[in-house]
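Colleague: Below are the structure tokens for one structure; questions will follow.
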Amino acid sequence: MSVFRRIIYHSGWFILFGPLIGAAIAIGIINFLPAIIGGPDSFLLYFCRTIPELVIITGWIYSLLPAWLTGVACALIPLKLY
């Protein structure tokens, strides 16, 4: 497999699955906010319950570049090392 093909392969997988980990953490935090913040009348709880999609999309956008660079770095590791 050529280096260019490995870069495309690895960076594609990192871009696809890397942000999903952050999204899973964000969803977990949003679901457990009543236990963390306390009380259903909290402004922060109301704020996070109304815009979870924005939190997930923003996390995905901000993690695309690091995920892509990690995929490129993994693709440039010589084949003899893995």
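Colleague: Show the residue pairs meeting these rules: Cβ distance below 9 Å; 6+ apart or different chains; first residue within region 69-81 and part of a loop (DSSP other than H, G, I, E, B); second residue of a type in the set (G, A, S) and surrounded by 11 or more Cβ atoms within 10 Å (Cβ to Cβ).
Modeller: Once the first residue is part of a loop (DSSP other than H, G, I, E, B) and sits in region 69-81, no partner that is of a type in the set (G, A, S) and surrounded by 11 or more Cβ atoms within 10 Å (Cβ to Cβ) comes close enough.
Colleague: Give the residue, chosen from I77, I57, that is over 26 Å from F4 (Cβ atoms) and modelled with pLDDT of 75 or more.
Modeller: I57
The values are calculated or read from the model by the stated rules, or taken from the named source; none is laboratory data. Source: prediction; values computed, not measured. When we count neighbours, we look across all protein chains shown, and the Cβ atoms used for this are built from the backbone with ideal geometry, even at glycine.
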